[in-house]
Amino acid sequence: MDAQHPKSEIINPKAALVTGGAGEIGSAICKKFAENGYSVIATYNSNQAKAETLLAELGSSKHRIIQAPSTDAAAVNRLTQLVTETYGRLDVLVNNAGITTPVPHGDLDGLTDEWIDKIMQTNFRGSFAMMRATRSLLEKAAELTNTPSLVVNISSIAAIYGIGSNVAYCASKAALDSMTRSLARALAPAIRVVSVSPGFVEGEYTKNFDPTYLKSQRDNTPLGRFATGEDVANAVFALASSLTFSTGNIITVDGGRLLG
C-alpha cells in the first residue's frame, strides 16, 4: 500500500527516503526532514496503521508511505519506481529498518539459524539492497545540486561493544558499519555514506527489559539517560545539513556509554 498524491503538489524538490519509517526512530527522522522542507518517503513492513498515522502527522501531500520490506526485491523495485516517477531524485537515504529478538549471548542453542538469517537479511542485506536500488537516484540528486547526496545507516554501539539483544544483532551492525566504510570509498564523490550508532533508545523496545538492568545501563552512561528518537534524528539531519564533509564515519549517539 502506498499513499498517492498528484505530482503537481510536490513543492520542495529535495527528497528523503527512510526505511522502517513508522517505528520509534524512523518516525522521528521522518518528522525532522519534513519539518525542514524535505519530501519524505517512509517505508514500512507490516504496521500499516502506524504508517498511516505518521503520514497524517507529516501533514503535507508531498509525503508518501509505501509497504516495502527491504528484503523483498519486487517491493524495493516498486519503491524505486515511485520515487523516480514522483520526485525524479533522492537526496537522502536512511537505512533504518531492522529486526532483532532477545537471546542471551551464552544461549547458543536459543539463537536459531532462522533468526540469524532473518537478522542478517534485514539489517545488512536489506540496507545494501536499498543502496543498490537507489544509487542512480542518489547520483541524480548529486548531479543536480553539485553536492554529494547522503546515505545514513542506522547502526548500534552493539557493533563495537558486543553487548546487545543477541550475538547475530551485534554482528549484523558490525557488518553494516563495515559496509559504510567500504561504500563511502566506492561511491565517492557523488554519495556520502555514514553510520549513526545509538546506544539504548528510550521507547517501546526498552519496555522488554528488566527495570533493574535498564537502571544499571543508565548508571553506566556518563550523560545519565538513554537516547531518544529525536536525538538520533538530530544526528541524522546534522549529517545532511551541517556535517557535509563527513563520509565513512561512525557517529555515536550514546551519551558516552562506550566510556562506561
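The values are calculated or read from the model by the stated rules, or taken from the named source; none is laboratory data. Computed from a predicted model, the values in this text were never measured in an experiment. Because the Cβ atoms are built from the backbone with ideal geometry, glycine has one as well, and the counts that use them run over all protein chains shown.
Table for the structure above
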| quantity | calculated |
| --- | --- |
| Scope segment 161-191; condition among the basic types (Lys, Arg) and over 15 Å from the mean Cα position of the chain (by Cα); matching residues | 181, 185 |
| Close pairs from segment 155-180: first among the basic types (Lys, Arg), partner surrounded by fewer than 19 Cβ atoms within 10 Å (Cβ to Cβ), Cβ under 9 Å, at least 6 apart | 173/160 |
| All positions within segment 206-257 that are in contact (Cβ under 8 Å) with a residue 60 or more places away in the chain, of a type in the set (S, T, N, Q), closer than 19 Å to residue 20 by Cβ and in a helix (DSSP H, G or I) | 208, 234 |
| Segment 133-174, residues that are assigned to a helix (DSSP H, G or I) and under 15 Å from residue 97 (Cβ atoms) | 133, 134, 169, 172, 173 |
| Selection status of residue 22, assigned to a loop (DSSP other than H, G, I, E, B) and either without any contact (Cβ under 8 Å) to a residue 60 or more places away in the chain or on the phi < 0 side of the Ramachandran plot (or both) | yes |
| Filter result (touching a residue at least 24 places away in the same chain (Cβ under 8 Å), acidic (Asp, Glu) and farther than 16 Å from residue 150 by Cα) within segment 81-121 | 85 |
| Residue match in segment 62-74 (condition: over 17 Å from the mean Cα position of the chain (by Cα), among the hydroxyl-bearing types (Ser, Thr, Tyr) and on the phi < 0 side of the Ramachandran plot) | no |
| Selection within segment 34-50 - of a type outside the set (Phe, Trp, Tyr) and either in contact (Cβ under 8 Å) with a residue 40 or more places away in the chain or in contact with a Gly (Cβ under 6 Å, 6 or more places away or on another chain) (or both) | 36, 39, 41, 42, 43, 45, 48 |
| Residues located in segment 31-48, provided they are within 15 Å of residue 97 (Cα to Cα) and surrounded by fewer than 20 Cβ atoms within 10 Å (Cβ to Cβ) | 46, 47, 48 |
| Sole exception among (1) at pLDDT 95 or above; (2) surrounded by 15 or more Cβ atoms within 10 Å (Cβ to Cβ) for residue 241, by number | (2) |
| Residue 181 closer than 19 Å to residue 236 by Cβ, among the charged types (D, E, K, R), crowded, with 18+ Cβ neighbours inside 10 Å and out of contact with any helix residue (DSSP H, G or I) (no Cβ under 6 Å at 6 or more places or on another chain) | no |
| Any chance residue 203 is touching a Lys or Arg at 6+ places or on another chain (Cβ under 9 Å) and outside any helix (DSSP H, G or I) | no |
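Results for (1) at pLDDT 95 or above; (2) out of contact with any strand residue (DSSP E or B) (no Cβ under 7 Å at 6 or more places or on another chain); (3) of a type in the set (Ser, Thr, Tyr), shown as yes or no for each residue.
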position: 23; (1), (2), (3): no, yes, no
position: 26; (1), (2), (3): yes, no, no
position: 29; (1), (2), (3): yes, no, no
position: 38; (1), (2), (3): yes, no, yes
position: 41; (1), (2), (3): yes, no, no
position: 44; (1), (2), (3): yes, no, yes
